[in-house]
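Peer 1: My structure is below; once you've seen it, I'll send some questions.
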Protein chains: 4
Amino acid sequence: LAAINVAILGASGYTGSELIRLISNHPYFRVSLLTAHSESGKDLNEVHPHLHSTLPLKNFHEVKDQLLEVPLIFSCLPHQASLTVLEELLESGYAGKIIDLSNDARLNPKWQYGLPELFHEGIVNSKLVANPGCFATAIALGVAPLIAANLFEKLPIIANALSGASGAGKTLNSQFHFANLYESAFAYKIGTHQHVPEIEQSFSRLNSNFPPLLFTPHVVPMSRGILATTTIFLKTKSSLPELHEVFDTFYKESPFVSRTLVPPSTKEVRGSNLCKIHLNFNERTQSVVIISVIDNLIKGASGQAIQNGNLLFNFSEESGLSKLGLFP
Amino acid sequence: LAAINVAILGASGYTGSELIRLISNHPYFRVSLLTAHSESGKDLNEVHPHLHSTLPLKNFHEVKDQLLEVPLIFSCLPHQASLTVLEELLESGYAGKIIDLSNDARLNPKWQYGLPELFHEGIVNSKLVANPGCFATAIALGVAPLIAANLFEKLPIIANALSGASGAGKTLNSQFHFANLYESAFAYKIGTHQHVPEIEQSFSRLNSNFPPLLFTPHVVPMSRGILATTTIFLKTKSSLPELHEVFDTFYKESPFVSRTLVPPSTKEVRGSNLCKIHLNFNERTQSVVIISVIDNLIKGASGQAIQNGNLLFNFSEESGLSKLGLFP
Amino acid sequence: LAAINVAILGASGYTGSELIRLISNHPYFRVSLLTAHSESGKDLNEVHPHLHSTLPLKNFHEVKDQLLEVPLIFSCLPHQASLTVLEELLESGYAGKIIDLSNDARLNPKWQYGLPELFHEGIVNSKLVANPGCFATAIALGVAPLIAANLFEKLPIIANALSGASGAGKTLNSQFHFANLYESAFAYKIGTHQHVPEIEQSFSRLNSNFPPLLFTPHVVPMSRGILATTTIFLKTKSSLPELHEVFDTFYKESPFVSRTLVPPSTKEVRGSNLCKIHLNFNERTQSVVIISVIDNLIKGASGQAIQNGNLLFNFSEESGLSKLGLFP
Amino acid sequence: LAAINVAILGASGYTGSELIRLISNHPYFRVSLLTAHSESGKDLNEVHPHLHSTLPLKNFHEVKDQLLEVPLIFSCLPHQASLTVLEELLESGYAGKIIDLSNDARLNPKWQYGLPELFHEGIVNSKLVANPGCFATAIALGVAPLIAANLFEKLPIIANALSGASGAGKTLNSQFHFANLYESAFAYKIGTHQHVPEIEQSFSRLNSNFPPLLFTPHVVPMSRGILATTTIFLKTKSSLPELHEVFDTFYKESPFVSRTLVPPSTKEVRGSNLCKIHLNFNERTQSVVIISVIDNLIKGASGQAIQNGNLLFNFSEESGLSKLGLFP
């Protein structure tokens, strides 16, 4: 099989760097072109010394013509810039496939929302994929089976999630200064995080009668990882075996979802494309507490993008992706 | 004013060490006797080098007679051992005051539950005080005003809380091995944590019609600090100004509760006896998300014990306690 | 005793915030005026929520006249700006005392270098004190007794030191982004750090025949703390008891230096003004390895500034300063 | 090529777990047998949830006969137990190859010391390899070219190194309790660490006139990573270009040593088998400061063991090993 050339736009950030690392271990993809904005002209070693590579970072405008020939483009450009650039490429006649890791196109009907465990069919038949947000991935995968099975009472779903610092990207900000975040935890954007519409859109495609989501994100002193704790009220009596049956059936074709008997830690999925999910049934309040953990840069971003790329090219969904974490 | 001698039972742990540190800065209390179990015979420097002190740690049985003369005893003994020892002292004729930091007596009607912001009157008139749990303090202080004001819909209150490692004490355990917890987060005892009955007992004293609590604790990579995120559903329309009014009225005599306009971080109360609380009203789901942060070893343990001690001796509630955190 | 009013220039940074916290517990000093640059006009709560205070931050130029009346000024202004501002005050007729925490005046003969354990006499008789650097404090206190006692072989002294992130201040910088520094360690300014001349100046005042210093600083993932490991070669045979005797004699009047029998950790001096020092004699290489730890913001900055302030006003050297650390 | 079956003794620890992870990505090796002591009878998921595997952990005595048939055994057994077990296997007629990751055989003349960059030839011709210690790897690789080139003054080499917590293994110990180590750093075994003879043995094979080593290890709050800072005095004038030439020539056949122009961080080699080395020439003291970083569990243990395994079987030295780090 000849290698598929891929280009990465915005390769100077964390998701770009993870894509390069994952593709270095992919059997069919091969990085052929990297762009960056303020870091263009440098080589990878200067920007990402951990990648141990002298590949050059190019200026988008100088390589636009070459991009038109590349069969797969990953865009790691910032939110609110990415879609503009991608539409410019499409208008210039780009006919290949694109996976956009930004927020920009996730609610856009021209783009397929790329959560493979829920929308496998749609992705396989697409050319333009909007890669989901990290919180959205963890929360939606956790509750999707119960939403689809219509087991819920129509009361708000309460999601609280914890993220490490890399979720906010490389941009400097006093909240992510080491001395401020170390030994600290805080909540932000309570009820107003931009992933809420994206998650509710996924719910709506599983069940038109879905309940609203109240979501509170938090930052804790980790560099990677997301843990979501989601509470959903049930409308009828249930039991843990019944809920396990619902989950296991829903995910029987999903190699990257793993149900655990004990609550999983974020560190056990660090570096892995797995989403581990634990269910706790609380009889007293007729509710289910769902713990889901992912690596925000792998299953929550670049690993999921590779998974989508595999589907776009009819490769095995698992190509180039690991289920083993780097621990400790 | 002559100093009040105090004894600390179980001074080799974190809460004992914090009591010693706080009392060193207290205008009226003075440490006169320290006991320890396996560490008895050593001096403080060996067990707690940060205390820079050569005070000796004694064996309880050898100093039992001296304890009978001490007007105030703090017990930092382990859960399930503390009450047994304290009852032995009481049976031996101990007539002074006791503040027990363990779980043992918190649901025991002979002991006053020592959350000063809710039960000030009862504490002032007590001799035996059961000092609250750390999660219980953060969660109960967060929702108490809404419980008391009867504003809630009778649906479960959903509390998710984050704790640093010191909450679990010094006992060695693989979950708290540095290499395992660093860069990790996990949930535990979902719906079954021992602080739930203690919190609901507080609710019941504020409002007999209180809703049930569904509580999920988490450990995150910090050494100190608790952040509780509690969601409560309202029965009628409300607004943030109205909720602020309810809170501010409820806590107008409480020097250690501070309402914040932005979500507080755990680090800004590290080393302080403050509980900072932030309210977010979510109109769409008719619910309130409450963020409360404390230092688990100060307001969640030893600082609160000093606060209770101040009330027992009619000192100013703030004596020896700081509202300033050690940051960064 | 009437309180001494003090002003803090540049109160929006870490050292300014620590001064405010320490002075809140000082028996004789009282904060009367705070200035800031870009944060002026705000109150402390906005900039330092952990200080729980509504004191206002003023613009220097607007309060310059008031500053002329304040008997003690601490300058926490940035390196290369501080001395300019202070000279402007002196030229305007300021006749009070000044303690400058910046690098600017440490090699300036008009200013007394403020390391109290080495230059107590000079400080007591000064009005202008240049507060030492954090690395300089840890390293100089560690080797000073051996330098003074002329025990060394004239070979380079090798100092390696570890610092937390707060040593670099609040300025945003990608090296101190949480995601970059967490789980990382790196060396910088090898052999060229700006504290070298300051340390050698101290050596020269103890012994004109002092050896050169080769210093390599490192950053490790902590928010606070410095640990210096300094190796010095001896010219004649020695023994640990002899070295202990030299040290203990040298520091017999120094309440904030404590020699430890086991290597101390940075955390046991967090929040304390102590410098803990451990000596290891290596017979095979005829050398001494000295471990010294301080809290970079206390003994390495603001605590030492208070200690200097105490000397300037003939207060007890220990006023307002704690030897107890906040642990864990 | 048919897969080579390998067995791992002591697979329940960190180095065993890393071997399993690395072999899962190796083109020629395949895990066929795992043993554990107290954890035998469990499957990998219970002991190492991050490995996402149900392979069973066996009791050594029950599978001893099977072990005799396995062509390659990695021993991750504890120091002081490993060699006893391996000698028992050899006495029972084991005729395959063994790589021992413990300290036990590193000074034993029957075993080849397995630092491939220094002793490639010896390893290729061996059946029994003693895998080097983590500190020993970082320090020896850093100074070996200067030792071999005889450029040094015969004064002690001063090495200071920083390690994360995983270097001490999984055994519970209060120094590695999260609450104790977080935000802390400390030195230990000053001048007496067990890796000193191992490092000097390497020096002696490069140059019989080698200088003595004075080594001070430190623990800093990381889970992985080693950074060694080594100072060596030169006997004649030199320059950075000359030193670079010496290094680059020495390591021209070593794919896992990389010289960097800026001091490397431990995090940029996390998950990688690289040793990055930076040289700083200090003209004033006629000395060289060498910074070397490795991942203690990869190049400092399991990755190096795979590298040795590759040499034993004449595979490419790089098989199954990555030079890319997992960052951030």
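Peer 1: From the list D:P49, D:P56, exactly one residue is away from every other protein chain (no Cβ under 14 Å) and not charged (D, E, K, R). Which is it?
Peer 2: Answer to the selection: D:P56.
Peer 1: Further question: Can you tell me which of (1) under 21 Å from C:H120 (Cα atoms); (2) within 14 Å of chain D (Cβ to nearest Cβ) is the one C:K252 doesn't meet?
Peer 2: (2)
Peer 1: State which residue is nearest to the chain's Cα centre (by Cα) when the search covers only segment C:33-74 and only residues that are among the small types (G, A, S) and surrounded by 15 or more Cβ atoms within 10 Å (Cβ to Cβ).
Peer 2: This residue is C:A36.
Peer 1: Among helices (runs of 4 or more DSSP H) lying entirely in segment A:1-71, which contain 2 or more residues that are farther than 26 Å from D:V257 by Cβ and not aliphatic (A, V, I, L, M)?
Peer 2: Result: A:14-23, A:60-67.
Peer 1: Filter segment A:103-138 down to residues that are charged (D, E, K, R) and in a loop (DSSP other than H, G, I, E, B), then give me how many there are.
Peer 2: Here the count works out to 4.
Peer 1: Taking the residues in segment A:181-200 that are assigned to a loop (DSSP other than H, G, I, E, B) and aliphatic (A, V, I, L, M) as candidates, determine which candidate is farthest from C:V220 (Cα to Cα).
Peer 2: Among them, the one singled out is A:I190.
Peer 1: Within segment C:181-222, track down each residue that is facing chain D (nearest Cβ under 9 Å) and either among the acidic types (D, E) or within 16 Å of the chain's Cα centre (by Cα) (or both).
Peer 2: The one that is facing chain D (nearest Cβ under 9 Å) and either among the acidic types (D, E) or within 16 Å of the chain's Cα centre (by Cα) (or both): C:E183.
Peer 1: Report yes if D:E88 is in contact with a Lys or Arg (Cβ under 9 Å, 6 or more places away or on another chain), surrounded by fewer than 16 Cβ atoms within 10 Å (Cβ to Cβ) and not in a loop (DSSP other than H, G, I, E, B), otherwise no.
Peer 2: Yes: the conditions hold for D:E88.
Peer 1: Name the residue, out of B:A159, B:A179, B:A149, that is surrounded by 24 or more Cβ atoms within 10 Å (Cβ to Cβ), touching a residue at least 24 places away in the same chain (Cβ under 8 Å) and of a type in the set (A, V, I, L, M).
Peer 2: The match here is B:A159.
Peer 1: Let me confirm something: among A:G41, A:G93, A:G10, which residue is free of Cβ contacts under 8 Å to residues at least 24 places away in the same chain and away from chain D (no Cβ under 13 Å)?
Peer 2: A:G41
Peer 1: Given the conditions (1) closer than 27 Å to D:A168 by Cβ; (2) surrounded by 24 or more Cβ atoms within 10 Å (Cβ to Cβ), which single one is not true for B:A138?
Peer 2: Here B:A138 meets the rest and fails (1).
Peer 1: Scan segment A:93-102 and give yes if some residue there is of a type in the set (S, T, Y) and either outside any loop (DSSP other than H, G, I, E, B) or in contact with a strand residue (DSSP E or B) (Cβ under 6 Å, 6 or more places away or on another chain) (or both), otherwise no.
Peer 2: No; the residues of segment A:93-102 include none that is of a type in the set (S, T, Y) and either outside any loop (DSSP other than H, G, I, E, B) or in contact with a strand residue (DSSP E or B) (Cβ under 6 Å, 6 or more places away or on another chain) (or both).
Peer 1: Which pairs turn up if I take residues in segment C:201-223 that are in a loop (DSSP other than H, G, I, E, B) and look for partners that are of a type in the set (D, E) and surrounded by fewer than 23 Cβ atoms within 10 Å (Cβ to Cβ) with beta carbon separation below 7 Å, at least 6 apart in sequence or on another chain?
Peer 2: Going by the 7 Å Cβ cut-off, the qualifying pairs are C:F210/C:E200.
Peer 1: Counting just the residues of segment C:223-232 that are hydrophobic (A, V, I, L, M, F, W, C) and more than 7 Å from chain D (Cβ to nearest Cβ), which one comes out surrounded by the fewest Cβ atoms within 10 Å (Cβ to Cβ)?
Peer 2: Taking the candidates together, the pick is C:I232.
Peer 1: Sticking with this one: Going by the structure shown, is D:L77 surrounded by fewer than 20 Cβ atoms within 10 Å (Cβ to Cβ), among the hydrophobic types (A, V, I, L, M, F, W, C) and either within 20 Å of the chain's Cα centre (by Cα) or at pLDDT 95 or above (or both)?
Peer 2: Judged against the criteria, D:L77 is not a match.
Peer 1: Could you list all residues from segment C:270-328 that are closer than 18 Å to D:K189 by Cα, under 15 Å from the mean Cα position of the chain (by Cα), more than 12 Å from chain B (Cβ to nearest Cβ) and of a type in the set (A, V, I, L, M)?
Peer 2: none
Peer 1: Can you go through C:L83, C:L155, C:L141 and tell me which one is in a loop (DSSP other than H, G, I, E, B) and not polar (S, T, N, Q)?
Peer 2: Answer to the check: C:L155.
Peer 1: If a residue must be within 14 Å of the chain's Cα centre (by Cα) and more than 9 Å from every other protein chain (Cβ to nearest Cβ), how many such residues does segment C:130-166 contain?
Peer 2: Qualifying residue count, segment C:130-166: 14.
Peer 1: Any chance you could count how many residues in segment A:167-180 are at the interface with another protein chain (Cβ under 7 Å from one of its Cβ atoms) and in a helix (DSSP H, G or I)?
Peer 2: Total meeting the criteria: 5.
The values are calculated or read from the model by the stated rules, or taken from the named source; none is laboratory data. The structure displayed is predicted, hence computed values, not measured ones. For neighbour counting, all protein chains shown are included, and Cβ atoms are generated from backbone atoms with ideal geometry for every residue, glycine included.
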